[in-house]
């Protein structure tokens, strides 16, 4: 037997049900010669007449009975599975989630993400990776990274999908007993203070740096660092202050009572926290599930209220600060 063309099976089913070439053609929306040609090909492939002419039309041979009995339920299940699409069962899956996060994202968001995913997909492990920005789009396309979470302006590409999940703003971190905390921070006091500046290339900090440059807001920069994780240690032991994303300032302030966050004395631009994935995975069940779960995690603004607002000094009845 030659390999049969599986596209011919629906024609065999129609002939089996209608017992007529002409009626089968009408049912299939085909011409009668086309159905006859398909029957000829099936006879060659199966080496059997399959349907014999009788006065009322055609009648199936034993071979045709066997083919229809075997193939019809298989084809039906295949069509149902194709229409239903791929499924994903988070309770039984053991695959690893790979998330591209900056050090800030890992510190500020990964605990909440991990708690949610571990609760809903208990057998799946989580891998956090740091990928060079120029390489990240390629890793998403290959499926080596499931989702990039954070501020990645370089991923504004036609092949990469985005979903905004939060709008972030800025806070100034300082010691709880810093002299500047005695009164609301002014622009002149901000400029005169000693600053710790984080230089993280290609990330959210550049939004702030460009804003300050455009507004010609000068700072007394005492220390430059490429790392956010050093900020709480340096600030808590000095008079340095640092302007950093609010969600990070919130975590630093919650980690130590010696740190506080105060609002900046200017309206700094916000930036969007987004999910990024390659369009190849738009309809993949596993990828859709991950995006939906993380969207739920970030549905409420993850920055929460402003951490430890500045405390004004007590005032006399005349409205002047007490000495």
Query raised in the report: Before we move on, is residue 223 at pLDDT below 90 and farther than 23 Å from residue 120 by Cβ?
Result: no
Query raised in the report: Is at least one residue of segment 142-153 more than 30 Å from residue 234 (Cβ to Cβ), surrounded by fewer than 20 Cβ atoms within 10 Å (Cβ to Cβ), under 14 Å from the mean Cα position of the chain (by Cα) and touching a residue at least 60 places away in the same chain (Cβ under 8 Å)?
Result: yes
**Report entry** Count of segment 165-204 residues which are closer than 30 Å to residue 100 by Cβ and either in a loop (DSSP other than H, G, I, E, B) or modelled with pLDDT of 90 or more (or both)
**Finding:** 14
Report task. Output the residue which, of all residues in segment 44-67 that are under 52 Å from the mean Cα position of the chain (by Cα) and surrounded by 14 or more Cβ atoms within 10 Å (Cβ to Cβ), is nearest to residue 78 (Cα to Cα). Result -> 67
**Report entry** Search result, residues across segment 21-31 that are under 19 Å from residue 41 (Cβ atoms) and surrounded by 14 or more Cβ atoms within 10 Å (Cβ to Cβ)
**Finding:** 21, 24, 25, 27, 28, 30
Requested in this report: Counting only residues that are without any contact (Cβ under 8 Å) to a residue 60 or more places away in the chain, give me the helices (runs of 4 or more DSSP H) lying completely in segment 7-114 with at least 3 of them.
Outcome: 9-18, 21-28, 32-46, 62-84
Query raised in the report: residue 157: under 28 Å from the mean Cα position of the chain (by Cα) and surrounded by fewer than 15 Cβ atoms within 10 Å (Cβ to Cβ), yes or no?
Result: yes
Report summary line: Within segment 126-135, the residues that are modelled with pLDDT of 90 or more and surrounded by 15 or more Cβ atoms within 10 Å (Cβ to Cβ) are 126, 128
Query raised in the report: List, please: which pairs have Cβ atoms under 6 Å, are six or more places apart or on different chains, and start with a residue in segment 193-204 that is within 12 Å of residue 226 (Cβ to Cβ) and end with one that is exposed (fewer than 14 other Cβ atoms within 10 Å of the Cβ) and at pLDDT 80 or above?
Result: 197/221; 197/224; 199/224; 199/226
Query - Residues within segment 115-125 that are surrounded by 17 or more Cβ atoms within 10 Å (Cβ to Cβ) and closer than 12 Å to residue 294 by Cα, tallied - result: 1
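The values are calculated or read from the model by the stated rules, or taken from the named source; none is laboratory data. All values reported here derive from a predicted model rather than from experimental measurement. Virtual Cβ from ideal backbone geometry, glycine too; neighbours counted across all protein chains shown.
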